[in-house]
Amino acid sequence: MRHCAARFCATLLLLCSIVPCRAQSGELGILRFELKTQAGTMRYDVELYGLRNHQKIDATDVHPDGTFTFRHVPYGDYQLMVVDAAGNPVHQQYITVTGMMSPVTVDITATQQQQRAPGGPISVAQLQHPPTRKAFQDVQAAQKLSNAGNFEKAAGKLREAVEISPYWADAHTNLGVQYIRTSRYAEAEVELSRAVELGGPNAMVLTDLATAQLAEKKYSDAAGTARRALQVESGYPQAHYILGMALCTEPATVREGLQHLREAAKTLPRAEVQIERVQQFYAGR
């Protein structure tokens, strides 16, 4: 599914920004950042955590011009967490501090957009248990395998990632997607349910979960999950499509199902095909 591939790639954009670990010692006097946000948003604070021990190293506020700094940061790998005025985490990013560093840009506009639509804030569990470097490497390897069409091996790498970092919701999501691609729907349901549990309600993940349930012929479950996705994002076309398909399996709900398929058809051509098939099927009965 197209939205699943886009998310996987979006995850890997973050992964590719990580600089390989260097065997250095010392510290950087001043580490400078620029925070990019949408216009008119609230103030933010930033916290810095050691990636190995997960202990807070430092915290600072963001200046009105969007800049902030940390001083005397030892070389190494860190998790950067942006929190809002209420102390809620809204963004995380991984950085490697070395002896030669230019100012780092922290762009949270995509996170802000995700919170308004299909996604939600990053869960505390995920922030308290960030993925390890080995898990990142497994996901990178899975991406390459998936791009080559080797979905089984990609799933294997993602299984390794979730075993190493079991609180990484994105890894569970992408493993569920690979299971859908290989028709392992029951396993996909387990992984996608876990992703929702860890990351909270998300229209895309819930729709993937509903897709797996629909493939298992769990029509009532699929309809319920798709409705949850629409509660998160009422205009999400893929959720309308899956809900319509689930409802059209029963004569009593086919009318509502066709309504959802028509809504999906505004942006999804395949929904038009299904509308025609459903109408032909019930016309012949």
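Every number here is computed from the coordinates shown, using simple stated rules; none is lab data. Everything quoted here is computed from the prediction, not taken from an experiment.
Laid out as a table, the results:
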read-out: Backbone HN-Hα couplings from phi across segment 72-84 [Karplus 6.51/-1.76/1.60, Hz, Gly and Pro as x]; value: 6, 9, x, 4, x, 9, 9, 9, 9, 10, 9, 10, 7
read-out: Interchain or long-range residues, amide H under 5 Å from His91's placed H; value: Val82
read-out: Gyration tensor (alpha-carbon) shape descriptor, segment 222-285, a/c threshold 1.5; value: oblate
read-out: Rounded to whole Hz, the Karplus (6.51, -1.76, 1.60) HN-Hα couplings of segment 259-273, x for glycine and proline; value: 4, 5, 5, 5, 5, 5, 5, 4, 10, 10, x, 5, 5, 4, 4
